[in-house]
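The values are calculated or read from the model by the stated rules, or taken from the named source; none is laboratory data. The structure displayed is predicted, hence computed values, not measured ones. Every residue, glycine among them, receives a Cβ derived from its backbone with ideal geometry; neighbour counts consider all protein chains shown.
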Amino acid sequence: KPELLDQVALVTGGSRGIGAAIAIALARAGADVAFTFASNGERAEAVSRQITQLGRKALAFQADSADADAVVAAVERTVSHFGKLDVLVNNAGVGDGGPFADVSQADFDRLFAIHARAPFFAAQAAARHMPNGGRIISIGSNLSTRVPDAGLALYVSSKSALLGMTRALARELGPQGITVNTVDPGSTDTDMNPANGAHAASQLMHNALGRFGAPDDVAAAVLHLAGPGGRSITGSSILVDSGFNA
Ligand code: NDP
């Protein structure tokens, strides 16, 4: 029997890249899948079609993670549409950064809103509905535990918030039987970080396996946490970085 048969999952930023791979992997494992996107409705429709072709129900809606209320509304819509929520994946993110000296307070607020504020309040809303066995999984970054270059201060600061949140929520939600974890990718071939992009060569210098990961590699770790194999993993992080941080 598929591991997540008849469960309901919500993935933020599911229209492309890692989020799309996670949404499709969850559907392949038997879940009905809701997902959000920022603006790319066509890509969202393509992902919905793939989920439907797998015999599962899909629900896609635009919800900008910069607005935590929009993400909380996405949680509530998922519950009212499917009647429950078993798995929340906080994935939506942006690869913005730049030199420390140039970061404005507006840049700071935007990245923290997307990477920290939205996941925090999505988790709060989800926990109100999740049954015992629920799963909250956030996509962090390998850069939260090792910073190899300058120019990453804002990105890393905002992504690192997920690590503290995850440990604290593991304590908070453990009594309800909900696990809370991050999956921390390294260089993964997506629109955000193409394997043939301008910054690829410098990333490969640190990469033990000598290649970018694929979105499916990250999705596989999410699937493990979401499935029965993840029942005793909480407050933890799984690094999927091809040995970048080794
Ligand atoms: P992509 O840029 O390829 O895809 C981003 C996805 O998130 C799209 O579905 C996009 O929607 C959505 N999204 C972006 N901004 C928002 C927003 N404000 N509100 C709602 N949805 C949004 O990124 P990746 O797949 O590479 O990244 C996914 C996650 O993995 C991010 O959190 C990223 O920080 C993290 N990560 C990625 C790494 C990599 O090397 N690729 C490495 C480490 C971490 P739309 O299609 O509408 O634009």
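Filter the range 55-98 for residues that are surrounded by 18 or more Cβ atoms within 10 Å (Cβ to Cβ), more than 8 Å from the ligand (Cβ to nearest atom) and assigned to a loop (DSSP other than H, G, I, E, B) and give the result.
Arg56, Leu85, Asp86, Gly97
Can you name the residue in the range 219-236 that is surrounded by 19 or more Cβ atoms within 10 Å (Cβ to Cβ), within 13 Å of the chain's Cα centre (by Cα) and in contact (Cβ under 8 Å) with a residue 40 or more places away in the chain and is also farthest from Met130 (Cα to Cα) among such residues?
Ala219
Any chance the range 151-158 includes a residue that's assigned to a helix (DSSP H, G or I), within 22 Å of Val72 (Cβ to Cβ) and within 15 Å of the chain's Cα centre (by Cα)?
The first filter runs over the range 151-158 and keeps only residues assigned to a helix (DSSP H, G or I), leaving 153-158.
Narrowing the set further to residues that are within 22 Å of Val72 (Cβ to Cβ) leaves 158.
Filter once more, so that each one left must be within 15 Å of the chain's Cα centre (by Cα): 158.
Yes; the residues of the range 151-158 include at least one that is assigned to a helix (DSSP H, G or I), within 22 Å of Val72 (Cβ to Cβ) and within 15 Å of the chain's Cα centre (by Cα).
Spot the failing condition for Met192; the list is (1) of a type outside the set (Ser, Thr, Tyr); (2) more than 10 Å from the ligand (Cβ to nearest atom); (3) under 30 Å from Gly134 (Cα atoms); (4) surrounded by fewer than 16 Cβ atoms within 10 Å (Cβ to Cβ), and only one is missed.
Result: Met192 passes all but (2).
Quick test for you: out of Asp184, Asp216, pick the one residue that is under 18 Å from the mean Cα position of the chain (by Cα), assigned to a strand (DSSP E or B) and under 21 Å from Val94 (Cα atoms).
Working: Asp216 fails: assigned to a strand (DSSP E or B).
Just a single option satisfies the conditions, and that option is Asp184.
Consider His206 against the criteria (1) within 16 Å of the chain's Cα centre (by Cα); (2) modelled with pLDDT under 95: it satisfies all of them except one. Which criterion is unmet?
All conditions pass for His206, except number (1).
Could you please find all residues in the range 141-155 being surrounded by fewer than 21 Cβ atoms within 10 Å (Cβ to Cβ) and among the aliphatic types (A, V, I, L, M)? So that I can check it myself, show each step before the final result.
Initially, the range 141-155 is screened for residues surrounded by fewer than 21 Cβ atoms within 10 Å (Cβ to Cβ), giving 145-153.
Listed by number, the residues that qualify are Val147, Ala150, Leu152, Ala153.
Within the range 199-212, identify whether any single residue is more than 10 Å from the ligand (Cβ to nearest atom), closer than 19 Å to Ser138 by Cβ, part of a helix (DSSP H, G or I) and touching a residue at least 12 places away in the same chain (Cβ under 8 Å), and answer yes or no.
Within the range 199-212, none of the residues are more than 10 Å from the ligand (Cβ to nearest atom), closer than 19 Å to Ser138 by Cβ, part of a helix (DSSP H, G or I) and touching a residue at least 12 places away in the same chain (Cβ under 8 Å).
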